[in-house]
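First the structure, in the form of C-alpha cells, and then the observations on it.
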Amino acid sequence: MNPKPWWRKLGHASLLLVAAVYCVFPIYFMLVQSLKTAQEDVFGNPLIVLNPTFENFEELFERKGEVRGFVGSVLRRSYPFLDWLENTIVVFAGAVAVTLVASILAAYALGRLRPPGFRWWRRAIFAAYVVPHTILFIPLYQVVLRLHLDDNILALVLIYPTLALPFCVWILSAYFQHLPREVEESALVEGASRMTAFFRIILPMSRPVIVAAGIFALGTIASDFTLASVFLLSEHNQTIPAGLGTMEVALDELLAVAGINLMAIPVVLICAVFARGYVRGLTAAMVEGA
Amino acid sequence: MIARRRDIQLAYLLLAPALLLLLTVLAYPVGWEVWTSLTDLSPLKDGPPAFVGLENYGRFLADPEFWRAATVTVVYAAVTSVAKLALGVGFALLLARPFRGRALVFLAIFLPWAYPASVSVIGWYWTLSPPIPTAYSVFMGNVKYAVDSALGGGAWAFVSVTLFNIWRGSSFIGVFLLAGINAVPPELFECAVLESKSAWRRFWLVTVPLLKPFFALAVFLSLTMAFADLANVWMLTAGRIVFPVIGTHAYWLAVKGGQFGPASALSLMLVPFLLAVLLVLFRMFDPPERERA
C-alpha cells in the first residue's frame, strides 16, 4: 500500500486523542479531586490539582471510631475503612475463585465430555442473563436467611459468581470444544487418567481463556453496588461500594472520592496487567482454531 | 460403550457446582417471583396471600404509567445499545492496525470498563450533581438547568444515566470487538481493499459478517444490562425517579408500596422478550461444530 497522505495521519491521530480523552477524562477527574485539600476543592480549578496531598487517603485509614475534635463528633461519622477493604478483598478473591472453578469444571464437561444435549445445557446456563435482578433480592434474601448467611460476606461469595458464570462457561466451553480430540487422546492412550490429562495438558493450554474469564468475572463482580448494599447491613461487614454508598456525601465528598480511588486502583491495575491476555483469550474462545 | 457412559456421568458431576449455584441464587428466586406475580402477597397484609391469576399482569396493561415506563425502557435500551455499538466499533477499528502508542490507547479504551462501576457510578453522581461548595458546582448547576429547561425536569439526571451507561459499555464492546478483529486473517482485509474502494462498503461486506458472533453477543449483553438497569438509574438520580424505567418502577412498587405481586409481574414482563431475542442470537454465536462428537 502506498503511504498515507499527511491529512489522513493527522485525522487518525486526532481520532485516537479524542477517544482516549473521552475514556480517561472521568477517571482523571475523580483522581484529581481525591488529591485535593478542602481549600483547593472549593477555590481551585476543578481540572487540575496544584498542591496534591494524600491526606484524604490517610484520613480514611485514621478515622476508625475515634472522635476527632469537638465539632467532628457532631458532624462527622467515622468509617471502618480498613474493615471495608478487607471484606472487599475477601469477597472479590473468593467470588472470582468460585466463578473460575465452577465454570472451568462445567465448561470441561460441556466442551470435552459432551453429555447428550450439551448445546442446550450451555444455552440454558447462558440464559441466566435473561433474569432481571430488579426485585430478585427479596426471594434471594429468604435463601440467604435459610443458609444463615445474612449480614455475612459469604453470601456475596455465593451470589456474585452467578453474575459472571454464564459468560465464563460460554467462552471456556467454546474453547474446549474447539480443541482437537488428539490433544488429550495421546495422553489417554499412554495410560494417563482423564484428570492427569486435564491438569497437564488442557489447563496449561487454555491459560489465555482462563485469564479472559477471570478478568471478565472481576470486572463484573467489582461493578455490583446493589447486591452489596442489600445484603451487608452492619457497618463492619460492608464492602467498599456498600460502605461508600452510606457516606454523607455533602460532608465527606473528598473522603469518598479517595475511597473510590482506593478501591478502583487495584482493580484497574490487575485488569491492565492482564489486558493483553484478556483480548487474546476472547479471540481464542470465540474463533475456531485461533 | 462403558467409557462413554462413565464420561457422561462425570460430565454431570462436573456440571453440578455451576448448576447448584444457579439454582439457589437464580432459579429459586425466579420461581418465587413467578408464583408471587400470580398472588396478592404483601408484607403489609395479614393472612395468607390469595391467588389472583393473571390479574397483576392485566392491571399493568391498562395502566398508562406502565406504558410510560415501558417506553422509557425501550428507548433507553435502544439508544444506549446503538451508541455503545457505534462507539465500540469505532474503538475496535481505530485499534485494529498497529501504530506507535497503540498499547497506551488500548489501555485508555479498556479503562472505563475496568474501573469498577460500583464506585465510578458514585463518582459520576457527584461530578454531575456536585455538593454545593465545590469549585465546579456552579458550572454543573448551569448545565443541569439548561438541560432540564430544554427537556423537562429530571432530564439531566436521565441524560447522565445514559451517558454513564454508554461510557462504560462502549469500552467493553470496543475491546470485545477488537478481540474479534484480531482473529480475522489480515489477508482478508487486504483482499477486500482490492475488491472495493469504498471503506464503508468494505465495512458492511467484510468486517460485519466476519464479526457476526461478536456483534450478536455484545448486543445481547448490552440489552440485558439496559433492561435490568436499576442500580445505575437509582444511584445517578439518587432515588428521585422522574423518568421511571421498568426496573425502578418495580423496585418502587415492591420496596415503597409493599406490593410484591404487581412488582414481580412487572419485572417478569421483560423476560419473554429477552428470551426471544436470545433464541435468535444463539444461532449467530453458538460455537460452530467442527468435528462430529
Options B:PRO48, B:PRO64, B:PRO43: the member that is within 13 Å of another protein chain (Cβ to nearest Cβ), over 22 Å from A:TYR129 (Cβ atoms) and not polar (S, T, N, Q): B:PRO43
Top-ranked residue of segment B:120-148 - restricted to ones that are within 7 Å of chain A (Cβ to nearest Cβ) and at pLDDT below 70, ranked as farthest from A:LEU255 (Cα to Cα): B:ALA135
Cross-chain or 6+ apart pairs with Cβ under 9 Å, segment A:88-110 first and over 13 Å from A:LEU218 (Cα atoms), then charged (D, E, K, R): A:ALA106/A:ARG122; A:ALA107/A:ARG122; A:LEU110/A:ARG119; A:LEU110/A:ARG122
All positions within segment A:232-262 that are closer than 30 Å to A:GLN142 by Cα and either among the aliphatic types (A, V, I, L, M) or surrounded by 24 or more Cβ atoms within 10 Å (Cβ to Cβ) (or both): A:LEU232, A:LEU233, A:GLN238, A:THR239, A:ILE240, A:PRO241, A:ALA242, A:GLY243, A:LEU244, A:MET247
Selection within segment A:114-158 - at the interface with chain B (Cβ under 10 Å from one of its Cβ atoms), farther than 17 Å from B:ALA27 by Cα and not aromatic (Phe, Trp, Tyr): A:ARG114, A:PRO115, A:PRO116, A:ARG119
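Can you tell me which residue in segment A:169-219 is modelled with the lowest pLDDT, limited to those that are assigned to a helix (DSSP H, G or I) and among the basic types (Lys, Arg)?
Applying the first criterion (assigned to a helix (DSSP H, G or I)) to segment A:169-219 yields A:169-178, A:182-189, A:194-205, A:207-219.
Adding the requirement that they be among the basic types (Lys, Arg) leaves A:194, A:200, A:207.
Details: A:ARG194: 82, A:ARG200: 86, A:ARG207: 91.
Among them, the one singled out is A:ARG194.
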Every pair of residues 6+ apart whose Cβ atoms lie under 9 Å, when the first sits in segment B:55-82 and is touching a residue at least 60 places away in the same chain (Cβ under 8 Å) while the second is in a helix (DSSP H, G or I) and charged (D, E, K, R): B:PHE66/B:ARG59
Scope segment A:183-224; condition charged (D, E, K, R) and more than 23 Å from the chain's Cα centre (by Cα); matching residues: A:GLU184, A:GLU185, A:GLU190, A:ARG194, A:ARG200
Selection from segment B:268-277 of residues that are modelled with pLDDT of 85 or more and at the interface with chain A (Cβ under 7 Å from one of its Cβ atoms): B:VAL271, B:LEU274, B:LEU275
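The values are calculated or read from the model by the stated rules, or taken from the named source; none is laboratory data. All of these numbers come straight from a predicted model, not from anything done at the bench. Using ideal geometry, Cβ is built from the backbone for each residue, glycine included, and neighbour counts are taken over all protein chains shown.
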